[in-house]
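Each value in this text was obtained by applying a stated rule to the coordinates, not by laboratory testing. No experiment lies behind these values; they were computed from the predicted model shown. Glycine also receives a Cβ, built like all others from the backbone with ideal geometry; neighbour counts cover every protein chain displayed.
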Amino acid sequence: VMFYAPWCGHCKVLAPKLKKAAKAMVSADALIKIGGLNVEPNRGVQSLYPDIRGFPWLKFVTSPTDPRGAINYQGEMEEKAIISFLTDQAKSLGILAQDEELVVDEGAPDFETEAQRSGARMDQEA
């Protein structure tokens, strides 16, 4: 999950990279999903994760009802690094076999952020 604020320039830069990483989830039969959460109208959800100190903040969430199991992503904010992190997490949970890899499926539907659905341009600074 990418926790973001609509005014955040770094979030706007990361969004297209997450789109590409989301396409890799197709190879995991959609058992792993990438999504974004605008924290401005969802302060209650953000309060479940008190360690979020800036945006964008990425977490691998295994249970939306138990935030204690969420794992912070601390790698590079690049598509390949995110896919590698997701692959490692999927393998540790048994979602992927140890010899299996996530690959980008260019025909998969795009990940779309809330800001894009509302018409905001993600390539502009706020």
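Treat each spin label as a single point 7 Å out from the Cα along the C-beta direction, and report the Lys91 to Trp7 distance in nm.
About 4.2 nm, to one decimal.
Find the Cα radius of gyration of region 1-100, compare it with 2.2 N^0.38 Å by division, and give the number to two decimals.
Working: Rg = 13.3 Å, N = 100, 2.2 N^0.38 = 12.7 Å.
Dividing the Cα Rg of region 1-100 by 2.2 N^0.38 Å gives 1.05.
Given charges of +1 on the Cβ of Lys and Arg and -1 on the Cβ of Asp and Glu, with all other atoms neutral, how large is the dipole of region 26-98 about its Cα centre, in debye to the nearest 20? Show your work: numbers first, answer last.
Values: 7 positive and 8 negative charges, 36 e Å.
That gives region 26-98 a dipole magnitude of about 180 debye.
What's the extension gain from Glu100 to Thr62 if we count 0.36 nm per residue and subtract their Cα-Cα distance?
Numbers: separation 38, 0.36 × 38 = 13.68 nm, distance 1.98 nm.
Full extension from Glu100 to Thr62 adds 11.7 nm.
How high is the relative contact order of region 26-93, given as a whole-number percent (alpha carbon pairs under 8 Å, six or more residues apart)? Could the numbers behind the result be given before it?
Details: 34 pairs, mean separation 13.0, N = 68.
Once normalised by length, the contact order is 19 percent.
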